[in-house]
Amino acid sequence: QVQLVESGGGLVQPGGSLRLSCAASGFIFSIYTMNWYRQHPTKGRELVASITNAGTRTTYADSVKGRFTISREDAKNTVHLQMNSLKPEDTAVYYCNAVFGDYIHWGQGTQVTVSS
């Protein structure tokens, strides 16, 4: 059974940091490109960061460049999103996503709220 389980969300003050993790199971994690998306309450789902298999390439949305870092640990079937200098506009539900060709898997999401 394929599972993606996110953790690490919560409430943080502006300027603070959070580290999201996504634990994968039920598929060959190492061959998948892993992504983090987010969805604001009134907007569509946005691709935040992406990391290819073996971590050979990472890409980021312009809105998070220089503040967020995506990484993966293939030995632990886990992908992380380190989020620094958080802003209120980063408030959203963050989703883990795995892609390999036509195979696409989604997690259930974790809430991140940036507020004073």
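The values are calculated or read from the model by the stated rules, or taken from the named source; none is laboratory data. Source: prediction; values computed, not measured. No Cβ is skipped: glycine too gets one built from the backbone with ideal geometry, and neighbour counts run over all protein chains shown. The area values use the complete protein model at the heavy-atom level, side chains included, leaving out ligands, DNA and RNA. Shrake-Rupley method; radii C 1.70, N 1.55, O 1.52, S 1.80 Å.
Checking Ser116 against (1) among the polar types (S, T, N, Q); (2) open to solvent by 80 Å² or more (accessible area, probe 1.4 Å); (3) under 13 Å from the mean Cα position of the chain (by Cα): exactly one of these is not met. Which one?
Failed condition: (3).
In this structure, is Gly55 closer than 17 Å to Val2 by Cβ and in contact with a strand residue (DSSP E or B) (Cβ under 8 Å, 6 or more places away or on another chain)?
Taking the combined requirement at face value, the residue does not satisfy it.
Residues that are touching a residue at least 60 places away in the same chain (Cβ under 8 Å), open to solvent by 40 Å² or more (accessible area, probe 1.4 Å) and not small (Gly, Ala, Ser): find the strands (runs of 3 or more DSSP E) completely inside region 22-111 holding 2 or more of those.
Counting at least 2 such residues, we get 33-39, 92-100, 103-106.
Could you please tell me which pairs satisfy a Cβ distance under 7 Å, a separation of 6+ or placement on different chains, a first residue in region 1-21 that is open to solvent by 30 Å² or more (accessible area, probe 1.4 Å), and a second residue that is among the charged types (D, E, K, R)?
Correct list of pairs: Gly8/Arg19; Pro14/Lys87.
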